[in-house]
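Below is one structure, written out as structure tokens; comments come after it.
Where a number appears in this text, it was derived from the coordinates with a stated rule and is not lab data. Just so we're clear, the structure is a prediction, and the values are computed from it rather than from any experiment. With ideal geometry, Cβ positions are generated from the backbone for all residues, glycine too; neighbour counts draw on all protein chains shown.
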Amino acid sequence: MNKKDGKLRHFSPFNKNIIRGFQISYNVIGNLLLLFFIIFLIGLCFAGGIGAGYFASLVKDEPIRSFEVMKSDIYNYEETSEVYFASNVYLGKLNADIEREEVKLEDVSQHLINAIIATEDELFYEHDGVVPKAIMRALFQEFTNAPVQTGGSTLTQQLIKNQVLTNEVSFDRKAKEILLALRLEKFFEKDEILEAYLNVTDFGRNSSGRNIAGVQSAAKGIFGVNAKDLNIAQSAFIAGLPQSPFRYTPFSNNGGAVKESLDPGINRMKIVLSRMYSGGYITQAEYKEALAYDIRANLTPKKPSSVDQYPYLTFEVEDRAKKIVMVELAKEDGYTEDELTKNDDLSNQYYAIADDYIRHNGYRIHTTINKGIFDKMQEVVAQYEYFGNDKPEEVKDPDTGETITIQEPVEVGAMLIENSTGKIISFVGGRDFDRENLNHATSSLRPNGSTMKPLLVYAPAMELGKVQPGSVIADTPFTLTAYGNYSPKNYGGGYHGLTSARTALKYSYNVPAVKTYMKIIDQNPLSYLEKMGFTSLHERDYGAPSLSLGGMTTGVTVEENVNAYATLANRGKFNDGYLIEKIETSDGDIVYQHEQKETEVFAPQTAYLTIDMMRDVINSGTAASVKGYLSFSTDWAGKTGTTQDYEDAWFVASNPNVTFGTWIGYDTPKPLQQNYKGMSYSKRNLLLWSKLMNAAHDVSPELLAPKKRFEMPDGIVQRSYCAVTGELVSDLCKGSELVTTDLFNVKYVPKKVDNSLSQGKFVFVKDQAYRVPETAPSEFVQQGFMLKKDLLQTYGVNNVSDLKRLLPNTVKWDNLVLTEDKEITDNGSNPNQVTGISVNGTKISWNANQDNDVIGYRVYAATNHSTSYKKSASIHASSDLAITIENSPAAYYIVAVDVAGRESAPSSIIKVGE
């Protein structure tokens, strides 16, 4: 029944059946849909449960990481260590597998941040570490056996993959990545995650062809700017690199050469720019401008690395830094430095760990090297033209094993050290690092020649009270039979008789040095070298007399030799030379700080006396030419050195501030050229030393030319002594004018008065003095100062005939004689006639008579060429056989007179004048 137009109407039975059927169908369909929905919901929950259970099974072994662990993992990225000259002047980076430089987020261009987010994770600031649809996609791929796709990871996930997990492509790794990303987001702020990502991501290669990571290294290495200064185009280019760093990088691995085609990287940049534009990060105008940017034209040129620019220095710093870190790490584990030294396996283990630390922990290594001085020194060596010619050397070809001949150049090593600290200010490692990777200043071992004398002989002997600068030593031949008949020789082969220790060092006499060394050889003199840092002494060096002349078995480095001299300049206190001032992290935390440790080797008095003796070497000795080569003056003291066969030339000198030494020689020992371009090998080295010092002075005059002098300590006095024995002056010594003066340690001033002289009469026959016979004509009897014979034994002179070797050939020694005990024997006949009479201007001379009893000569003269001859002069046999005559007419002849007063027949007559 229905109501329409105010009237009641009745439906037919047919209509009722239709309505009833519709209602039944509606109810059935509704129930079925409800059933299907319930089944779907149950299935969905079941599938979710299975998925969740499976996900849980994948991550059940993953430990629950604390904030500290997560922080350690995220920030545990490798950063390239940097090296600095003194005064925080940047040098460069150490070699590493990958270059990375940490940067704070505030120091990164906003354009680059926008480009990264637009390209890699547009929802970065909205999600909690993962994007749900990515999780569902991963589940679907797993259950449908579809290929696993890892793309679409958030920045948080990428950071987890790079820093915590691996690059393995698996659902297992993906599940852990998701879990850890969610956890990371709970611990860290978005900007912290973004900053870490920007510092760890790979960005291909830089212009030098080295692998780079982190946006700061990318900005510098690709465009030559800091990350904060990147423009839009540059930012887009860098942001596109992480997808395929080595495909999109503009540089090849062949030394950083620019690739022929940059299209892959530029096309990727265009995609990044498009996403930045669509994301509203840049305007249309900025978008078009960035598209037109010429990437190739704005790539940074190849920059030489620290190894390219400073190979000797970089590798030296690297090696020393490793050793420092090695010791520090070992100490943390309870090992001592001594244990490391004695245990090679332990040392190698920690050295390998230290190597990894140095290369990848982003240390800032601060050295003591003065950049200005170092650079100037390398320039001097590169321009120096007096090294000498290359010499051939046969070597084995490393590839074929065949013997080939190469040309070996003269090499050089030099070291400049601050006396008071041991700080290495500069050095020269060689002429060409690529020719041979050997640092000739720090690693090359060479015998140090006569530069050994102050260190091992004179300073230790003075410390032990055996000699003083005025001590008298006989520079005469001698042989050490107990040491294999060792007979030292002086340079040039001559001898100089009685000489002081000061003079012997000044002129570098070898014999006095060996004789002095033998006085202390049983008192362990090598202990002084050990205290001064000599580390390469060989067991054969102990007890070897030749070591006093620098005849070392293995040799010493330039650094150690110079360091030892700095000990003398530092009042006898040794500071081990050091090159690394401190090592710190990129955050400024100190890992290592050099601490000065002084070792007293010599008393201040010994050190000063040695310095004072070495002043003479430069003032008037073997290094006197230095004064003319230097462009400045200060208080210098030093010593030259030459090894056997002239294979090495050394010079080391100190002033009150610094000590500097040079060495030149061939890597394979061979004689240096005696003369090259008009200069001896020694002067070539002295000139090089001076040029290097002049260059250093130009950079730092206050360091190289101190106005102060070496300060004489208390306990040193000046005393006069007798040059015959070194003892206190007697009246006879004073009368003989053999008094000299020198400095003494007050503890070792001579106390005994000289008793080596007597005074009396004597006659000479063939340069030998004899007691005066009664028959000797008085005119030939001389009176003067005589040496006592027991002095011969003191100085190791075997007989009177060797007296000439004992007495120096100088005027002040001319009147000092040593007489034979016996009288001269008369041969019973007149002397032979004098021969060889001749006149030269106003001088008449003749030959010595060969008879064994002639004690003098008489000169007879007749004026105006008459025959009335009268004796005009008597000449001792020991005098010069010549007289000076007047330029007037006269005739002369000479006769020899023997010990009995008999004359020879007259010589031929010489007439002079008209």
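Annotations for the structure displayed:
- Whichever aspartates and glutamates have a C-alpha closer than 18 Å to that of Lys788, once near sequence neighbours (fewer than 8 apart) are set aside: Glu727, Asp731, Glu737, Asp754, Asp767, Asp802, Asp814, Glu820, Asp821, Glu823
- Sorted by Cβ density within 10 Å, fewest first, the residues Lys691, Lys515: Lys691, Lys515
- Each other residue within a Cβ distance under 14 Å of Pro604 adds +1 if Lys or Arg and -1 if Asp or Glu, for a net charge of -3.
- Per-residue Karplus couplings for region 227-239, computed as 6.51 cos²θ - 1.76 cosθ + 1.60 with θ equal to phi - 60°, are listed in order as 4, 6, 9, 5, 8, 5, 5, 4, 4, 5, 5, 5, 5 Hz, Gly and Pro entered as x.
- Bridging of Lys843 to aspartates and glutamates at a Cα separation below 18 Å is possible for Asp880, Glu886, Glu914, once same-chain residues fewer than 8 apart are set aside.
- Spatially, region 893-907 and region 581-601 are offset by 86 Å when compared through their Cα centroids.
- A cut-off under 14 angstrom between Cβ atoms defines the neighbours of Leu687, and their net charge, with Lys, Arg +1 and Asp, Glu -1, is +4.
- Only Cα pairs under 8 Å and 6+ residues apart enter the sum, and on that basis the relative contact order of the chain stands at 8 percent.
- Rounded to 10°, Cα long-axis angle of helix 344-360 versus longest principal axis of the chain: 60 degrees
- Estimated translational diffusion coefficient (Stokes-Einstein, Kirkwood radius over Cα pairs, 10 °C, 1.306 mPa s) of the chain: 44 µm² per second.
- By the count of neighbouring beta-carbon atoms within 10 Å, fewest first, Val395, Val307 end up ordered Val395, Val307.
- Using the Cβ of Leu340 as centre and a radius below 13 Å, the other residues enclosed give a net charge of -4, where K and R count +1 and D and E count -1.
- Against the main long axis of the alpha-carbon atoms of the chain, helix 190-200 sits at an angle near 50°.
- Scalar couplings 3J(HN,Hα) for region 885-896, obtained by applying the Karplus form with A = 6.51, B = -1.76, C = 1.60 to θ = phi - 60°, are 10, 7, 8, 9, x, 6, 10, 9, 8, 10, 10, 8 Hz; x denotes Gly and Pro.
- Taking the number of Cβ atoms within 10 Å of each Cβ as an exposure proxy, the fewest-first ranking of Thr610, Thr634, Thr557, Thr819 is Thr634, Thr819, Thr557, Thr610.
- Region 563-578 - phi-based ³J(HN,Hα) in whole Hz, Karplus 6.51/-1.76/1.60, Gly and Pro as x: 4, 5, 5, 4, 4, 5, 6, 9, 6, x, 9, 8, 10, 4, x, 9
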